[in-house]
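Reading through the structure tokens given below for one structure.
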Amino acid sequence: MSQANKAESREKMRPEYDIRGGVRGKYYERYRQGTNVVMLDPDVAAVFQDAEAVNRALRMLIQVARKQVDEATSSTGTASN
């Protein structure tokens, strides 16, 4: 790229696109750990304040489901299909 083109590009670039103060690899470790994004329907999202509230509700549901499986297994001696 010629000097004239560089100067023209700088003039057209918006200030919010300036990445000179950026940190390379800032989120690399977080990215490596992976993520599991789930989109909630608006009616469901309206009930929960934040991710922690969703996680609490799901953990309670897991406990109830496990208890149901344990009770079914202990009463019949095997898990039913």
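The values are calculated or read from the model by the stated rules, or taken from the named source; none is laboratory data. Predicted model only: the values in this text are computed from it and were never measured. So basically every Cβ, Gly included, is an ideal-geometry build from the backbone, and we count neighbours across all protein chains shown.
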Self-check item: Residue list for the range 30-72, restricted to those being at pLDDT below 90 and in a helix (DSSP H, G or I)
Solution: ARG30, TYR31, ARG32, GLN33
Practice problem: Say whether the condition of being at pLDDT 80 or above, loosely packed, with under 10 Cβ neighbours inside 10 Å and assigned to a loop (DSSP other than H, G, I, E, B) is met by at least one residue in the range 6-19. | Solution: yes
